[in-house]
Amino acid sequence: MYIILHSSEGLALSLFKKAKELNMTSPSYVWICGNDITDLLNSTLPPEFIANNMQGVVGIKSYINESAEYQEFFTNFENMFVSDYGKNNGNVYRPGAYAVRAYDALHAVSLAAKESKMRNISLAEALSLVNFEGLSGTIMPKNSTLDNKEMKYSDYLIFGIAGGDSIRLGYWHEGFGFNPDIKNLTWFHGLIEKNATNPSGLRTLKVGIPAKPFWKNFVNVETNSTINCSAVVDPSSVTGFCIDVFTEALNFLKYNISYQFVAYTTESNSSCKVRTYNDLANLVQSQEVDLVVGDVTIIAERSKNVSFTQPFLTSELVMLILQKGTHIGWLSLKPFSRDLWICISVIIFWFIVLVWYLERNDAAADEDFRDPERWKHWAASVWLLCNSIFLKIDQGVGSYHAKLVLLLWFLLVQVLLSSFTASLSSILVAEKVSPNIDNVKVGYNAASFVHDYLLSTFNYKPENLVPINRSEDFPTAFENGIINAAYLELPYLRVYLSEHSNYATSGESRTLGGFGFVSSLNFDCYMKYYTTMQ
């Protein structure tokens, strides 16, 4: 049996003591520890505890180059430790990775403080300029322009505990993998070999998939027989993007891992126990299946009980609507409200009156103002207002007071034109991307999490949510007015828009965790071991 352990120091002490009592440190068990424990070896874990309870443990820990600078640091560290805490029963604790990183962090702050004073900049800015070779490696900001060839990669030491000593087996370098001369692990009870192709103890995996997925582009089960609730299906009959990602991931492991697909119907109106993707993910928690492969969205509620892989597709929840045509009719009046149009009409009238009053007795004014017919006076006033927008303001104007009034009129017209243009542009865009009515009926994938998400996050009323059981039903629901909008995840939306062109998105969206495969927490750690040892 292989056991991969991620633990705190306190739990590790208790766990290994109990494992020793239960004879779980015998050759039948292989303990593999991550650097959360191994970085504490020879640092805080007592040597006698390691010798008595951790025999045969394999670990991976951060590699510290024991250079001359490190040796000097170690000597000073040991002297200060003994002076502060005594010799502690003769045990000598070496500074581990955490102590070295803490020292480098303080060194970086010290250098930044000096740089801050010299350049008269803030400490945060000075920290972004720090670049030096520390005990734990090269210390530099993330946005450094240092040539990649000059950068030093993270290194990890692979070791095994035998007797009271740690045996170095090899190294792992970021970007390069394991070093070629890594030692064979046959000393380790003969259970692990570097070139193993069949991991011992790993049974045939049961992989759950949706039998009748909403979107067949991602998972599709082609079988001649009817699947009643669940059935084991031939892997060759299962296709789709998610299946391709899964098989490629298995090929990357370079191990012959046996698996079988178990298809489950995911229909909200069925009598089976698996009716939604939440039920499908819960099969992992109940240990009915080892994995779930498909277009399963990573959300917080599901992550409480199961583990997800890294997302292989990013996702957002986006509103889809049917595009509307632009109704020209009275569109030119829409940018301003009725009250504003009335106000503008009154202002124009008073400007006409004011121009007439200032020009009617002026000798230099247009001759129409001296005509005995009064309607020509008003026509001349209107002409001056229009003329001032396109020609010279003082053309045909006699009174200097009238010129000032026309200047104010010109500025007012410019403001109104700018506002009108901006409002009309926004209306033309909004006409195509807004739902038809205020009381929107929203469609959603009946087997997904979207129903509860719309209720809790967007505060939709339950009566406004319409479940859709098949992706092919969306166009019909839009055309018949059953729904006015629909919420789709971004990968689905791209597929839908590639097949239907008369739709648009509203711009309202919410970022999600993406698509990932589901596994139990224990199985996730188990597979991480094989990925590390390949």
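Values quoted throughout were computed directly from the atomic coordinates according to the rules given, and no laboratory measurement underlies them. Fair warning: this is a prediction, and the values are worked out from it, not measured in the lab. Heads up, the Cβs are rebuilt from the backbone with ideal geometry, glycines too, and the neighbour counts pull from every protein chain shown.
Using only the Cα atoms of region 97-136, what are the Rg and Dmax in Å?
Rg, Dmax (Cα atoms, Å): 10.6, 33.
Beyond 24 Å between alpha-carbons counts as too far, so tell me which of Lys17/Lys61; Lys206/Lys273; Lys61/Lys114; Lys376/Lys403; Lys206/Lys304; Lys212/Lys273 fall in that bin.
Numbers: Lys17/Lys61 22 Å; Lys206/Lys273 18 Å; Lys61/Lys114 33 Å; Lys376/Lys403 20 Å; Lys206/Lys304 21 Å; Lys212/Lys273 14 Å.
Over 24 Å Cα-Cα: Lys61/Lys114.
Length gain on complete extension for the stretch His107 to Ser286, per 0.36 nm per residue less the alpha carbon to alpha carbon distance? Write out the running numbers ahead of the final one.
Working: separation 179, 0.36 × 179 = 64.44 nm, distance 5.02 nm.
Fully extending the segment from His107 to Ser286 adds 59.4 nm.
Report the calculated FRET efficiency for Ala379 and His401 (r = Cβ-Cβ distance, R0 = 22 Å), to the nearest 0.05.
Calculated value: 0.60.
If eta is 1.002 mPa s and T is 20 °C, what Stokes-Einstein diffusion coefficient results for region 229-297, Kirkwood Rh from Cα pairs, in µm²/s? Intermediate values should be presented prior to the final figure.
Numbers: Rh = 13.2 Å.
Answer, rounded: 162 µm²/s.
What ranking do 76-83, 292-299, 124-131 get when scored by the average of other Cβ atoms within 10 Å per residue, highest first?
Details: 76-83: 12.6, 292-299: 23.2, 124-131: 14.8.
Ranked by mean Cβ neighbours within 10 Å, highest first: 292-299, 124-131, 76-83.
What number comes out for the charge environment of Gly514, summing +1 per Lys or Arg and -1 per Asp or Glu over other residues with Cβ under 10 Å away? Could the numbers behind the result be given before it?
Numbers: positive: none; negative: Glu316, Glu489.
Taking every other residue near Gly514 into account, the sum is -2.
R0 = 56 Å: FRET efficiency of Asn459 with Leu129, Cβ-based, nearest 0.05?
Details: r = 47 Å, r/R0 = 0.85.
For Asn459 and Leu129, the calculated efficiency is 0.75.
Please give the contour-minus-distance gain from Ser270 to Ala231: 0.36 nm per residue of separation, less the Cα-Cα distance, rounded to one decimal in nm.
Working: separation 39, 0.36 × 39 = 14.04 nm, distance 1.54 nm.
That works out to 12.5 nm of additional length.
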